[in-house]
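Notes to accompany the following structure.
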Amino acid sequence: MSGTFSQVYIQVVFAVKGRQNLLQKPWRDEVFKYMAGIIKGKNQKSIIVNGVEDHVHLFIGLKPSMSISDLIRDVKNNTTNFINEQKFIQGKFSWQEGYGAFSYSHSQIDSVYQYIFNQEEHHHKKTFKEEYLDFLKKFEIEYDEKYLFEWIED
């Protein structure tokens, strides 16, 4: 009996609700490790999870048996619960609705990894809004501005 073999590389980007700077350095890595564990627990490959105070980048090797929307729903729900249970912030933490998902070839893995790894340095030069709009333009994704994230002008 023959099997199905594939690997799809996806970068997913999503933001903290209200684009608030809530993902603070003292505990941010713990949240990113938690996200990587959720991805691995769903039998997907977590290549790198990183971000800054107001948004996250996931780079995932996705098997075709898992839908992106189901995986991201689970990552967001579980990390929201984790952050709130750990009481990392005062009040209630949540993510904005929606996400961006961008596909890459195997030959691009290293460059995407480095890009995500260097998020803090990268955002000294470019705002999240500029970065996200650049992704949409680069991948030729049509969009309506009213359905994008809530923007805080940096």
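Distance in nm between label sites at I141 and S69, each 7 Å beyond Cα in the beta-carbon direction?
Result: 1.4 nm between the two label points.
Within region 58-74, which residues have the backbone N less than 17 Å from the label spot 7 Å out from E97 along Cα→beta-carbon, could you tell me?
Residues 69-70, 72-74 fall inside that zone.
As a test of reading the structure, rank T79, T4 by solvent-accessible area (1.4 Å probe, protein chains only), most first.
Per-residue accessible area, sorted high to low, gives T4, T79.
Among 20-27, 32-39, 49-56, how do they line up from the highest to the lowest mean number of other beta-carbon atoms within 10 Å?
49-56, 32-39, 20-27
I'd like to check one number: the per residue accessible area of region 1-140, probe 1.4 Å, reported in Å² as a whole number.
Values: 7790 Å² over 140 residues.
Per residue, region 1-140 has 56 Å² of solvent-accessible surface.
What whole-number distance in Å separates the alpha-carbon centres of region 120-140 and region 52-119?
16
Pairs on different chains or at least eight residues apart, Cα atoms closer than 23 Å: how many lysine pairs in region 27-139 fit?
Count of close lysine pairs: 22.
Could you run the Karplus curve 6.51 cos²θ - 1.76 cosθ + 1.60 with θ = phi - 60° over region 71-77 and give me ³J(HN,Hα) per residue in whole Hz, x for Gly and Pro?
Once θ is set to phi - 60°, the couplings for region 71-77 become 5, 5, 4, 5, 4, 5, 4 Hz.
Report in % the part of the accessible area of region 67-154 that belongs to carbon and sulfur, leaving out ligands and nucleic acids; probe 1.4 Å.
Summing carbon and sulfur atoms, their accessible area is 46 percent of the total for region 67-154.
With Cα Rg over 2.2 N^0.38 Å as the read-out, I listed (1) 2.26; (2) 0.97; (3) 1.04; which label goes with the value calculated from this structure?
Of the listed options (1) 2.26; (2) 0.97; (3) 1.04, (3) comes from this structure.
Please give the contour-minus-distance gain from E130 to Y34: 0.36 nm per residue of separation, less the Cα-Cα distance, rounded to one decimal in nm.
Roughly 31.8 nm would be gained on extension.
The values are calculated or read from the model by the stated rules, or taken from the named source; none is laboratory data. Computed from a predicted structure; not experimentally measured. Cβ coordinates were reconstructed from backbone atoms using ideal geometry, including for glycine residues, and neighbour counts include every protein chain displayed. The protein model used for the area step is the full one, side chains on, heavy atoms only, and it has no ligands, DNA or RNA in it. Shrake-Rupley method; radii C 1.70, N 1.55, O 1.52, S 1.80 Å.
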